[in-house]
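K.L.:
Provided herewith is a single structure, encoded as structure tokens, for subsequent inquiry.
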Amino acid sequence: MEITGIVLLVVLAVVLIYLVMVYNQLVQIKHNVSKAWANIDVLLKQRHDELPKLVETCKQYMKFEQETLTRVMQARSSVSDAREQRNINALGQAEGELRNAVGRLFAVAEAYPDLKTNQTFLHLQGRISSLENAIADRREFYNESANINNVRIEQFPDSIVAAFFSFRSAPMLRFSSQEMADVEMRELFQA
């Protein structure tokens, strides 16, 4: 009877240690998702701050392109609202609109030789393009982190620990079909 009690205590200790390890891994994964989102958030804020500078620079040259400039600022506002609300689904849609608006702006800028040689415009264009690439990289990292989180909280026996401690799935950052489609350059130049 004494040996049975010891064996039972050892089994309970092993199960408890295993559950603590699962819990700690789930916490780490949850924080990786938060960190990935924070990385995107920083880049979105930086781009948010750069876009008005670009629009102001373009206004000096593009007097007849107010609709294009307005679209950029409206899309910028939509991204900002979605980012502040941490609404991943709305952010994906708003990002598509913003990328299209900025792409149109850069395409229309080709018709303005003075603008294309303006150092401020060139700097801002390079900076925004660099931020776009960084955001794309971070989105990939976020989605990978969210996927790892979602798989782990659904796998058995991790799902038991996840349910007990209310771990939640993380939404994937999805993009509109418009953003994933090829850019039609002829359309951009006709705007």
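The values are calculated or read from the model by the stated rules, or taken from the named source; none is laboratory data. For clarity, every value in this text was computed on a predicted model and none was experimentally measured. Neighbour counts are summed over all protein chains in view; Cβ atoms, including those assigned to glycine, are modelled from backbone coordinates with ideal geometry.
K.L.:
Those residues that are within 15 Å of residue 44 (Cβ to Cβ) and touching a residue at least 60 places away in the same chain (Cβ under 8 Å), I need them from region 114-140; list them, please.
P.N.:
127, 128, 131, 132, 134, 135, 138, 139
K.L.:
Does region 69-81 include one or more residues that are modelled with pLDDT under 85, hydrophobic (A, V, I, L, M, F, W, C) and more than 21 Å from residue 143 (Cβ to Cβ)?
P.N.:
No, region 69-81 contains no residue that is modelled with pLDDT under 85, hydrophobic (A, V, I, L, M, F, W, C) and more than 21 Å from residue 143 (Cβ to Cβ).
K.L.:
Test residue 62 against the stated conditions and say whether it is under 30 Å from residue 98 (Cβ atoms), out of contact with any Cys (no Cβ under 7 Å at 6 or more places or on another chain), free of Cβ contacts under 8 Å to residues at least 60 places away in the same chain and not in a helix (DSSP H, G or I).
P.N.:
Considered against the rule, which asks whether it is under 30 Å from residue 98 (Cβ atoms), out of contact with any Cys (no Cβ under 7 Å at 6 or more places or on another chain), free of Cβ contacts under 8 Å to residues at least 60 places away in the same chain and not in a helix (DSSP H, G or I), residue 62 comes out as yes.
K.L.:
Follow-up. Here is a list: 36, 146, 111. Which entry is in contact (Cβ under 8 Å) with a residue 60 or more places away in the chain and either surrounded by fewer than 16 Cβ atoms within 10 Å (Cβ to Cβ) or more than 30 Å from residue 172 (Cα to Cα) (or both)?
P.N.:
111
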